[in-house]
Amino acid sequence: MTRVRRGALAGIFALALAVAGLLAAAVASGARPLSVLTTTGTTGATTTTPAPSIAAGVTIGGVPVGGLTAADAYDAVNESFSQPLVIIVAAHRLAPQPANLGAVARIGEAVARAGSALPGAQVPLAVSVNRARVRAYVGVLAKRFDAQPVDARLFLRNLRPWIAKPVVGLAIYRARAEVAIVSALLGNKRGPLRLRQKVVPPTTTRVNFGPVIVIRRGSNRLYLYRGMRLWRMFPVATGQASYPTPLGRFQIVVKWRNPWWYPPSSPWAQGLKPVPPGPGNPLGTRWMGLSAPGVGIHGTPDAASIGYSASHGCIRMRISEAEWLFRQVRIGTTVFIVSA
C-alpha cells in the first residue's frame, strides 16, 4: 500500500468517527439529526452515498416517516407535533400551541428508534405535559367563558310586586377539560376537542318568594300578594302627619302572639304604663315587627281608626284580619311601604 493510499484511508476513518459522534450527541439531546453523507475515496475518484433512510411504512406517533432520512423524519414529526390543538367552547374555536400548554415531545429519541425499526413499525412518540400549565389554561378559559347565574329579583313595578326571572349560569367542567387536553397532547392528537359546560342554577328563583306585602300609605290599604298575584286587600290605619309611617322596603323580623305593649321613648307616650296581653292592648293579639325600628303591623281594639292616618307610625289592622295575616306571612316577608 502506497503512502498516499494509507493517508486517504486514515482521513476517511477519522471523518467517520466524527460523524458518529455528532449523531450520538444529537440523539441524546433530542435535537434535529444531521443529514449524513458517506464519502469514500480512492486514488482515482471520490464517491458520495446518501444517508440511510428509515424503513418503509414506519410511523412515529402516527406520522409516516418511511423512506425519510433521520433529519427529514425529525422535521416531519416536529411539524406535526407543533400543530395547534383545536379547542371548542360553546361557539368559540381556539387554537393554543402545544408548547404554550407545557407539552414537550422527545422527537430525537423516537427518530433514533425509527432508524433501526423494521418495516411497518409504529414507533411511539414520548410526550411530557406540564399539568399545572394545562390547569392554568383551563382557568383562563373559565374566566372568559363561564357565566355566573343571576338570581330572581323582587322589586315594585307600577305599585305591584314584580319578580324578575332568574338566569342560569354556565361553567366549564374544569377537571374533565384538563384530562381531555392532557390526553390529546399525550396522544399527539389535535382535535377538535369540545369542552363541555355545566348549567349552574341560580340560588333564588321565583318560587323562593313567598307572600309580599304592599302598603299604600296615602290610601290606607294593605295588599297581600302571592308572589306577583294579588291575594287579599285590607283597609288599615297608618301614621299621623306628625308620626308618619316610614316609606321604603322592609322585612318582617319578629312575630309575636299576644304581645305586651311597652310605651316607646316618645313624647306622646310619656307617663304611660306597659299593657299586658288581653282586651284593650293597643297591639291587639298579634305583632309583626318590621325592620324599621319601632314600626310593625298589628291588630287594634280601636276599629274606628281603620282607614285613617291615625297611628303613631305603625300599621293597624282589625284584630281578626291581623290574626289571619299573621298566619300567612313569615320572618323575612318583604314589605313595601309607598306613598300612594
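Listed values, structure above:
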{"quantity": "Amide H within-cut-off set for S309, under 5 Å, with H built and near neighbours excluded", "calculated": "T238"}
{"quantity": "Relative contact order, percent, the range 228-296 [alpha-carbon distance under 8 Å, six or more residues apart]", "calculated": "33 percent"}
{"quantity": "Counting DSSP beta bridges with both ends in the chain, the antiparallel % (nearest 5)", "calculated": "75 percent"}
{"quantity": "HN-Hα J in Hz across the range 67-81 - Karplus 6.51, -1.76, 1.60, θ = phi - 60°, x for Gly and Pro", "calculated": "x, 8, 6, 4, 5, 5, 5, 4, 4, 5, 5, 5, 5, 5, 5"}
{"quantity": "Rounded to 5, percent antiparallel among DSSP beta bridges of the range 210-338", "calculated": "70 percent"}
{"quantity": "Alpha carbon convex hull of the range 210-338, projected area averaged over orientations, nm²", "calculated": "7.1 nm²"}
{"quantity": "Net charge of Cβ neighbours under 13 Å - reference R131; Lys, Arg +1; Asp, Glu -1", "calculated": "+2"}
{"quantity": "The chain, relative contact order [Cα under 8 Å, separation at least 6], %", "calculated": "12 percent"}
{"quantity": "Mean residue ellipticity (222 nm) of the chain, computed from DSSP H runs ≥ 4 via -39,500 (n - 2.57), nearest 500", "calculated": "-8000 deg cm²/dmol"}
{"quantity": "Under Karplus coefficients 6.51, -1.76 and 1.60, residue-wise ³J(HN,Hα) of the range 266-274 in Hz, glycine/proline x", "calculated": "9, x, 5, 9, 4, x, 7, 9, x"}
{"quantity": "Electrostatic dipole magnitude of the chain [Cβ: Lys, Arg +1; Asp, Glu -1; Cα centre; debye, to 20]", "calculated": "1140 debye"}
{"quantity": "Pairwise centroid distance, computed over Cα atoms, of the range 87-151 with the range 54-70, Å", "calculated": "23 Å"}
{"quantity": "Residue-by-residue Karplus 3J(HN,Hα) for the range 281-294, coefficients 6.51, -1.76, 1.60, Hz, glycine and proline x", "calculated": "5, x, 9, x, 10, 9, 10, 10, x, 9, 6, 7, x, x"}
{"quantity": "Spin-label model distance (nm) - L186 vs A269, 7 Å beyond Cα toward Cβ", "calculated": "7.3 nm"}
{"quantity": "Additional length obtainable on full extension of the chain from Q328 to A304, 0.36 nm per residue less Cα span", "calculated": "6.2 nm"}
{"quantity": "Convex hull per residue volume in Å³, alpha carbons only, for the range 115-187", "calculated": "114 Å³"}
{"quantity": "5 angstrom amide H check on G61, placed H, neighbours 5+ away", "calculated": "V123, L125"}
{"quantity": "Neighbourhood charge, 9 Å Cβ-Cβ cut-off, centred on Y223 and excluding it, Lys, Arg +1 and Asp, Glu -1", "calculated": "+4"}
{"quantity": "Highest-MSF residue in the chain out of Q270, Q197, Q148 [GNM, Cα springs under 10 Å]", "calculated": "Q270"}
{"quantity": "Partner lysines for K165 [C-alpha distance under 24 Å; skip if fewer than 8 residues away on the same chain]", "calculated": "K198"}
{"quantity": "Kirkwood Rh (inverse of mean 1/r, distinct Cα pairs), the chain, angstrom", "calculated": "28.0 Å"}
{"quantity": "P(r) weight above 12 Å for the range 82-124, C-alpha pairs, percent", "calculated": "69 percent"}
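Read-outs: derived from the displayed coordinates by stated rules, not from any lab. From a predicted model like this one, the values you see are computed outputs, not experimental measurements. Reconstructed Cβ throughout: ideal geometry from the backbone, glycine too, with neighbour counts over all protein chains shown.
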